[in-house]
Every structure is written in C-alpha cells, then in structure tokens.
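The values are calculated or read from the model by the stated rules, or taken from the named source; none is laboratory data. Given the structure is predicted, the values throughout are model-derived calculations rather than measurements. Here the Cβ is made from the backbone with ideal geometry for all residues, glycine too, and neighbour counts use every protein chain on show. The accessibility values were calculated without ligands, DNA or RNA, using every heavy atom of the protein model including side chains. Shrake-Rupley method; radii C 1.70, N 1.55, O 1.52, S 1.80 Å.
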Amino acid sequence: MDLSKVFEDYFSELQADMVAICLEYVENEAEDIYIYCSYEPDMYGFDVFFKINGQFVLKHNLNDAVDSASTIGKKALGYDTSEQRQEAVLDIGLENLEKIHEKCKEFGREMPTEIKLHYNVQKNSLKGKYRYDLVYSNDEELLPDDIFESWFEEVKSGRG
C-alpha cells in the first residue's frame, strides 16, 4: 500500500478509470456519460448510458444517436456495440467497483450502496452522488437493473 495515498486518491482513481473505459467504448464521441454502480451484500452492479448528439442512449443503442452526417475523418461514424465490447466495459466497471470495496475495507470506510456518476466530456467534469442505505435488497421486486433504468428515464426526461 502506498502510504502517501489517501483513501480519496484511490477512490478518485478508480472512478476515473470507470469513466475512461466508458469514454473508450464510445471512441471519445459523447457529450455526457452516466455511470451507475451498485453494491448491496454480495451483489455488485454496473451499467452506463450516454448522451450523444443530444440523445440519451443505452450502451447497446449507441448507433441510434448517430447522425448520418457525422464523420470522424472520412469514415461515417458508427459504434462497435458488439456483445464482447459491452461485456468488456461491464467487466472492467465491476472490477473497479470491487476494488473500491476493497479500499473501503482497507481504510475502514463504509462502502456506498449506490454510486451515480455524471461525466461531462466537454468540461471534463465528474460529479458523483452516493447512497449508503439499501436501495433494492429490502424489496422483493426491485433489481439493480430496475434502478438503473429508472435513473435513465429520469435523466432522459430532464428530471435526473
């Protein structure tokens, strides 16, 4: 353990890595990135959605936001949303979330049950909202996906 680093340094680095992998997934072509992380006893959740060309899209629907006039260099803009790429993003996000949990234990900190990150690409600004109470474990119907989809709808409708 690097003693010169404090908990916040590790926490920030791991969140920045989540943003970096999501930014790479969209080939740096997004206006905003919204990352959802969830941890409730023995269950980790991670997902992401984007704002591209003014439209909010889930990771598998990126090409719905592509304007046929958009081009990078000379090639028409299109995203690789293959199953493998989506899984790779989710796997790395989950790994980072598990590392955050390890650092929380190591530093005697409480692990957030929910992390909502909003990264504004143009401004290079990251904002986070954290919860520490159980969000879905106490509800027999709710799953992390439900919370994520609800957040997506809130942001899309301008309420989130």
(message) With the requirement that a residue be of a type outside the set (Val, Ile, Thr) and surrounded by 13 or more Cβ atoms within 10 Å (Cβ to Cβ), what does segment 103-115 give you?
(response) 103, 104, 107, 109, 111, 112, 114
(request) Test residue 50 against the stated conditions and say whether it is in contact with a Gly (Cβ under 6 Å, 6 or more places away or on another chain), open to solvent by less than 30 Å² (accessible area, probe 1.4 Å) and outside any helix (DSSP H, G or I). (result) no
(request) Under 7 Å between Cβ atoms, at least 6 apart or on separate chains: pull out the pairs that start in segment 23-42 with a residue that is over 30 Å from residue 133 (Cα atoms) and end on any residue that is modelled with pLDDT of 95 or more and part of a strand (DSSP E or B). (result) 26/50; 30/50; 30/51; 31/51
(message) Here is a check on your reading of the model: is residue 98 at pLDDT 95 or above and open to solvent by 30 Å² or more (accessible area, probe 1.4 Å)?
(response) yes
(request) Could you please let me know if residue 155 is touching a helix residue (DSSP H, G or I) at 6+ places or on another chain (Cβ under 7 Å) and open to solvent by less than 40 Å² (accessible area, probe 1.4 Å)? (result) no
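Filter segment 116-130 down to the residues that are free of Cβ contacts under 8 Å to residues at least 12 places away in the same chain and not in a strand (DSSP E or B), then identify the one that is most open to solvent (accessible area, probe 1.4 Å).
Per the stated criteria, the residue is 123.
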(message) Going by what's in this entry, would residue 111 be described as at pLDDT below 95, more than 16 Å from the chain's Cα centre (by Cα) and not in a strand (DSSP E or B)?
(response) no
(request) Give the residue that is nearest to residue 110 (Cα to Cα), with candidates limited to residues of segment 1-43 that are touching a strand residue (DSSP E or B) at 6+ places or on another chain (Cβ under 7 Å) and assigned to a helix (DSSP H, G or I). (result) 15
